1. Those residues that are of a type in the set (A, V, I, L, M) and open to solvent by 80 Å² or more (accessible area, probe 1.4 Å), I need them from region 66-88; list them, please.
2. Assigned to a strand (DSSP E or B) and either closer than 27 Å to Ala53 by Cβ or without any contact (Cβ under 8 Å) to a residue 24 or more places away in the chain (or both): is that true of Lys133 in this structure?
3. Of the conditions (1) part of a loop (DSSP other than H, G, I, E, B); (2) touching a Ser or Thr at 6+ places or on another chain (Cβ under 8 Å); (3) open to solvent by less than 70 Å² (accessible area, probe 1.4 Å), Tyr63 satisfies every one except a single condition; which number is it?
4. For Ser91, work out the one condition from (1) outside any loop (DSSP other than H, G, I, E, B); (2) in contact (Cβ under 8 Å) with a residue 12 or more places away in the chain; (3) open to solvent by 40 Å² or more (accessible area, probe 1.4 Å); (4) among the polar types (S, T, N, Q) it doesn't fulfil.
Amino acid sequence: MKPLSENRRATFDYEILEHYEAGIELFGHEVKSVKAGHGNLAGAYAIIRGGEAFLINCQIPPYQQNNVPDDYDPSRTRRLLLHKEEIKSLSGQLKEKGMSLVALSFVTKKNLVKVELGLGRSRKKSDKRELLKKRAHEREIERGE
């Protein structure tokens, strides 16, 4: 599954512990826009309220600018489609300190748009520096050989 759009910053800012795949409730023109690769997941995260999961801060611009309802909001809150058992386990894990449910990418599965979510713990500034040093070192080794 090739991602339609990715949140590259999420893997840098968070240490991803578990991956989840969730369906997402979209309008028809939003589906076309996401499949065209116009979805933006920078800063997008999921919350659980009232036994349902929601995706917040996800930007999906209209597919055709002039063919959109007047009251369309590209950054509206969208409902995620997960099983009740998954929601229950996620809500328990999110109560731990420092845990977040971050949107990683949009993917298609059997012609349906899905969101890949990552349950992760935020990294401290020093951890980010170590990660950058490690990646640079690995790049140098790869070039040398």
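1. Passing the criteria: only Leu81.
2. Taking the combined requirement at face value, the residue does not satisfy it.
3. Single failed check for Tyr63: (3).
4. (3)
The values are calculated or read from the model by the stated rules, or taken from the named source; none is laboratory data. Every value quoted in this text rests on a predicted model; they were computed, and no experiment measured them. Cβ sites come from the backbone with ideal geometry, for glycine too, and all protein chains shown count toward neighbours. The area values use the complete protein model at the heavy-atom level, side chains included, leaving out ligands, DNA and RNA. Shrake-Rupley method; radii C 1.70, N 1.55, O 1.52, S 1.80 Å.
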